[in-house]
Amino acid sequence: MSIGLVLRGIFSALFVASVLRISTPLILPALGGLISDLAGVINIALEGIMLVAAFTGVVVSAYTQNVWLGVLAGLAVGTLFSLILALFHLYLKTDIILAGIALNIMAQGGTVFLLFTLTGDKGSSASLASGTVPRVVIPLLHDVPVLGTILSGHHIFTYLAFLLAVVVAVFLYRTPLGTHLRAVGENPEAAASVGINVVRVQTIAIGLSGLLASLGGLSLSMAYLSFFQNNMTAGRGFIALAAIFLGGRTPWGTLLAAVFFGFADALANQFGSLQVPPQWVQMIPYAATVIALVVYNVRRRRQAIERARRMQEQLHAQGTAFGGGD
Amino acid sequence: MSSPPLIEMRDIVKVYPNGVVANDGVHFTVEPGEIHALVGENGAGKTTLMKILYGLESPTQGEIRLRGRPVHFRSPLDAIAHGIGMVHQNFMLIPSFTVAENIVLGQEPRHRMLVDREAALQITRELSQQYGLRVEAEAVVDSVPVGMRQRVEILKTLYRGAEILILDEPTAVLTPQETQELFQAIRALVAQGKTVIFITHKLREVKEISDRVTVMRNGRVMGTLPTAQATTDQLARMMVGRDVLLTVEKPPAQPGEPVLEVRDLTYVSETGRTMLRDVRFTVRAGEILGVAGVEGNGQTELVEVLTGLRPATGGSARVRGREILNATPRQVRLSGVAHIPEDRLNNGLALTATINENLIVDRYFRPPFLRGLFIDSQVVQEHGVRLIQAFDIRAPGGDVPVASLSGGNMQKVIVAREFSAEPVLLIAAQPTRGIDVGATEFIRRQLVEKRSGGTAVLLISADLAEVMSLSDRLVVMYEGQITGVFPQVDRVSEEELGLYMLGLRRQTPEEMEAYL
Ligand SMILES: Nc1ncnc2c1ncn2[C@@H]1O[C@H](COP(=O)(O)OP(=O)(O)O)[C@@H](O)[C@H]1O
Ligand SMILES: [Mg+2]
């Protein structure tokens, strides 16, 4: 296939739609991670929580033959799984990073073990008849050319992801609990001194991050694909963490960064049709993550140096470096 | 009998889990509407007593009565509910929140399910007006001056309905002018029926503001008396248990060659804030150059840049002509610089290592300590014995971990190491902060002795009295700049320095040129 075909692919409505679809399992855990990060409890177990939820959703929906029961079970189990992190870090005082790593390992091994026990297959749950959530066809808009293709017909998780970005922003900046959460993350002693229960707030924050990461996991196994696959998150939980920092720890920034990573991923899919080794193509999203973080930090440093230089020039230009009090 | 006191703390004992007896049978009473000063040296147990009253610590033993009734506070919320508010020694604010958000934090006014920001601003402005405590409701706390942060803390307690205000060393971070402003505010509060407990160790402030004063030493109360009947000397004796000599005998300085020349030094932090701009000064052999200023105006950064702990952004700093900016800390030390760091627990000592080990960390890699590939423990041992004796370090021996020493003796370990390095330049940051009077006297005398022996000394201290009494020349730092230079320290008053420290007055570069 030719480059021309790939380019035409990128500048199409279908490609934009695929960016939105592929961003979904990044946006959701990133928003969750943002909540716990702002509360001062960084959740590096997002990856594991996604896996656990993805697995639970598939299994429960297959056995009950009810998609929604599967979703609910996935959310419940994923959130409970995240609360193990709260238990270990907040109540038993383990290091949060170590506990997070342990959860990730447990999730990856545990899901494969259970998968094998249930289906006799270590690779995927293809033999289980699990469901997928319905697509949402927006009346009228659906038939508009281009726009209809981009905005209509996605799985509900995709709409939910963008909607939740707004909800999370309002929650963090406008509600009392969100305010307490940010206060706890910034100065826990000060928060405690005005009667805010730090441990309670942080537990809630971890639980919410688990809930959102679970949604992300379910969007992989019950929407994006229709089955569970060994390690199907493929590092998305970690890319979500990168999105939080790249997004300057704000809801909008995080959303934007997650969509950027989704774009890189979609790009990889397009290049998949070219005659290049697939490993190179699959590297794109991860390389994009690393490059984006490097650029971000270099830029920040450069800005700081630039500011200092301007400051000094100003002072020298004024001649009276010490004139004018502030 | 007349009505019971507003607060009565009886026979309070507090033993911390680590075994420190911070309060040892304390009896403390406060009358309604008074300003009660609580004084004592660092470590006397003042903060502990107040934390107990505020429900932050539970007493090991003893009883608290409020208006004659016994109370038990399980958390600050209980104390707040009883009208007690506390402004802590280190501020309890959220830097990225606005003043109004900080004031209502934890008890936000609500509109439906959301925080009512308008109401928070309104509340802040009304409280500010009512008590004459000037704040900018919409400003982000990180960007407002220390004095205002303190007013925010006071308003925070008033918003929660405080009738009794505990102020823990509120003046420690203030300039003389800001202190006066605070005193006015305190008087206004009392005029509106509040009661104030005011912790300090500055006796002049006690005389100025309080009605009664309680002196603590070593976890015990040495006495409570009406301020009008107490003399400063008497209070000082009660505080330290003996006559104190806080003035240092100082022969006139004989400045020699320039040792440290700092020119156009600029430092921008990782977060992009300019912490030092165009700093220039010279320190000569045989003189102490003091740097005065409210903490947080770049002093810490200045020291860390000069000692190789942070990279400078621009400018130069030469020690006997040799550039030391952006060199490693070891290179800086090898050019003859010694450093008594401000944060002695983190930067000055390895707490779990022994005294002997701490005394060689800057020289273990050289003979006679290093012999071949190994450190000669015999030499290290003898070296330790010698310094422990010379610097009067009170310890059972050189083999005990530094963590087991008192604050004053820890500092003496650092002083012993740095002074015995025979530096040409000594940078001393807050050398006597938080240590006992005995060790303070000792360290101050040593500093003067070193300087008289020809060492150049750069002294940074937040204790204005200390810089003024020790320095031969003085500069003031404000917002990362040198804003004033005083070649003769005895010709300037504390109040005048205060104006410079506040940024209300500054000299022009031309005025300073000759003296830098
Ligand atoms: N949380 C704590 N744990 C153990 N020891 C403490 C604690 N807080 C204070 N101390 C010790 O209790 C003593 C009294 O301290 P503090 O009440 O802070 O004195 P002050 O406020 O008068 O300077 C000191 O020796 C101090 O080291
Ligand atoms: Mg104290």
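Provide the FRET efficiency to the nearest 0.05 for the B:Glu295-B:Ser493 pair, computing r from the beta carbons and using R0 = 25 Å. If you can, show how the numbers build up before the last one.
Values: r = 21 Å, r/R0 = 0.83.
With R0 = 25 Å, the Cβ-Cβ based efficiency is 0.75.
Find the Rg to Rh ratio for region A:3-259, where Rh is the Kirkwood radius over alpha-carbon pairs and Rg uses the same atoms.
Details: Rg = 18.8 Å, Rh = 18.7 Å.
Here the Rg-to-Rh quotient is 1.00.
For region B:25-151, give the percent of accessible area contributed by carbon and sulfur heavy atoms, probe 1.4 Å, rounded to a whole number. Provide the component values of the computation, followed by the final result.
Details: 2750 of 5800 Å².
Carbon-and-sulfur percentage of accessible area, whole number: 47.
Provide, as a two-decimal number, the C-alpha radius of gyration of region B:1-146 over 2.2 N^0.38 Å, N being how many residues it has.
The reported ratio for this selection is 1.25.
log₁₀ I(q)/I(0) of region B:341-497 at q = 0.20 Å⁻¹, via Debye over equal Cα point scatterers, no solvent, to two decimals?
-1.28
Would you work out the relative contact order for region B:45-140, in percent, from Cα pairs under 8 angstrom that are 6 or more residues apart?
It rounds to 21 percent for region B:45-140.
How many Å² of accessible area per residue for chain B, probe 1.4 Å?
On the way: 22330 Å² over 516 residues.
Counting only protein heavy atoms, the per-residue value for chain B is 43 Å².
Considering the options B:Val413, B:Thr282, B:Leu302, tell which one lies farthest towards the positive end of the dipole of chain B, charges being +1 on Lys and Arg and -1 on Asp and Glu at the Cβ, about the Cα centre.
Among B:Val413, B:Thr282, B:Leu302, the one farthest towards the positive end of the dipole of chain B is B:Val413.
Longer than 21 Å from Cα to Cα, which of B:Lys202/B:Lys450; B:Lys156/B:Lys194; B:Lys46/B:Lys412; B:Lys207/B:Lys412; B:Lys51/B:Lys194 are they? Say none if no pair is. Walk me through the numbers before you get to the answer.
Details: B:Lys202/B:Lys450 28 Å; B:Lys156/B:Lys194 15 Å; B:Lys46/B:Lys412 25 Å; B:Lys207/B:Lys412 33 Å; B:Lys51/B:Lys194 19 Å.
Listed pairs above 21 Å: B:Lys202/B:Lys450; B:Lys46/B:Lys412; B:Lys207/B:Lys412.
Share of Cα-Cα pairs in the protein assembly as shown beyond 39 Å, in percent? Don't skip to the end; give the middle numbers.
On the way: 189497 of 354061 pairs.
Percent of Cα pairs beyond 39 Å in the protein assembly as shown: 54.
Which length gain, in nm to one decimal place, applies between B:Ser377 and B:Val361 when the Cα-Cα distance is subtracted from 0.36 nm times their residue separation? List each step's numbers first, then the result.
Details: separation 16, 0.36 × 16 = 5.76 nm, distance 1.34 nm.
The B:Ser377-B:Val361 span can extend by a further 4.4 nm.
Give the calculated FRET efficiency between A:Leu80 and A:Gln279 to the nearest 0.05, with a Förster radius of 30 Å applied to their Cβ-Cβ distance. Don't skip to the end; give the middle numbers.
Details: r = 37 Å, r/R0 = 1.22.
It comes out at approximately 0.25.
Round to a whole angstrom and tell me the spacing of the C-alpha centers of region B:201-241 and region B:409-447.
Computed from Cα coordinates, the inter-centre distance equals 28 Å.
Hey, rough spin-label estimate for A:Asn197 and B:Asn42, points 7 angstrom out along Cα→Cβ, what's it come to in nanometres?
Taking the two extended label points, one gets 3.8 nm.
Relative contact order for region A:3-259: what is it in percent, counting Cα pairs under 8 Å that are at least 6 residues apart? Working shown, then result.
On the way: 469 pairs, mean separation 99.3, N = 257.
Averaging sequence separation for qualifying contacts and normalising by length gives 39 percent for region A:3-259.
Ordered by packing density, taken as the mean number of other Cβ atoms within 10 Å over each peptide's residues, highest first, how do A:217-227, B:340-350, B:170-180 rank?
On the way: A:217-227: 24.5, B:340-350: 18.5, B:170-180: 20.3.
Per-residue Cβ counts within 10 Å, averaged per peptide and sorted highest first, yield A:217-227, B:170-180, B:340-350.
State, in angstrom, two size descriptors of chain B derived from its alpha carbons: Rg to one decimal place and Dmax to the nearest whole number.
My reading of the Cα-based Rg and Dmax gives 24.8, 81 Å.
For the pair A:Leu114/A:Tyr91, report the inter-label distance in nm, with labels modelled 7 Å from Cα in the Cβ direction.
Each label point lies 7 Å from its Cα, and together they span 2.0 nm.
Calculate the length of the line joining the C-alpha centroid of region B:99-149 to that of region A:44-98, in whole Å.
Their Cα centres are 40 Å away from one another.
Using 0.36 nm per residue of separation minus the Cα-Cα distance, give me the extension gain between B:Arg10 and B:Asp142 in nm, one decimal. Provide the component values of the computation, followed by the final result.
Working: separation 132, 0.36 × 132 = 47.52 nm, distance 4.00 nm.
Extra length available between B:Arg10 and B:Asp142 comes to 43.5 nm.
Estimate the FRET efficiency between A:Ala13 and B:Ser316 by the formula 1/(1 + (r/R0)^6), using the beta-carbon distance for r and 35 Å for R0, to the nearest 0.05. Don't skip to the answer; put the middle values down first.
Details: r = 60 Å, r/R0 = 1.71.
It comes out at approximately 0.05.
Would you mind estimating how fast region A:42-194 diffuses translationally, via Stokes-Einstein at 25 °C and 0.890 mPa s with the Kirkwood radius over Cα pairs, in µm²/s?
Details: Rh = 18.4 Å.
So the translational diffusion coefficient is about 134 µm²/s.
Between B:Gln122 and B:Lys202, what is the label-point separation in nm under the 7 Å Cα-to-beta-carbon projection?
The answer from the label model is 3.9 nm.
Residues in region B:29-50, backbone N under 18 Å from the label point at B:Gln229 (7 Å along the Cα-to-beta-carbon vector): list them, ranges by number please.
B:29-32, B:34-39
Counting Lys and Arg as +1 and Asp and Glu as -1, each charge on the Cβ, what is the dipole of the protein assembly as shown about the Cα centre in debye, to the nearest 20? Mind dumping the intermediate values first?
Values: 73 positive and 74 negative charges, 285 e Å.
Here the size comes out at about 1380 debye.
Considering Cα pairs under 8 angstrom that are at least six residues apart, work out the relative contact order of chain B and quote it in whole percent.
Numbers: 1021 pairs, mean separation 72.6, N = 516.
Relative contact order here is 14 percent.
Within 10 Å of each Cβ in peptide B:86-98, how many partner chain Cβ atoms are there on average? Round it to a whole number, please. Write out the running numbers ahead of the final one.
Working: counts 1, 0, 3, 0, 2, 2, 7, 5, 10, 3, 5, 6, 0.
For this peptide, the per-residue mean of nearby foreign Cβ atoms is 3.
The values are calculated or read from the model by the stated rules, or taken from the named source; none is laboratory data. Being a predicted model, the structure only gives us computed values, none of them experimental. As a convention, Cβ positions derive from the backbone with ideal geometry for all residues, glycine included, and neighbour counts pool all protein chains shown. Calculation scope for accessible area: heavy atoms of the full protein, side chains included, ligands and nucleic acids excluded. Shrake-Rupley method; radii C 1.70, N 1.55, O 1.52, S 1.80 Å.
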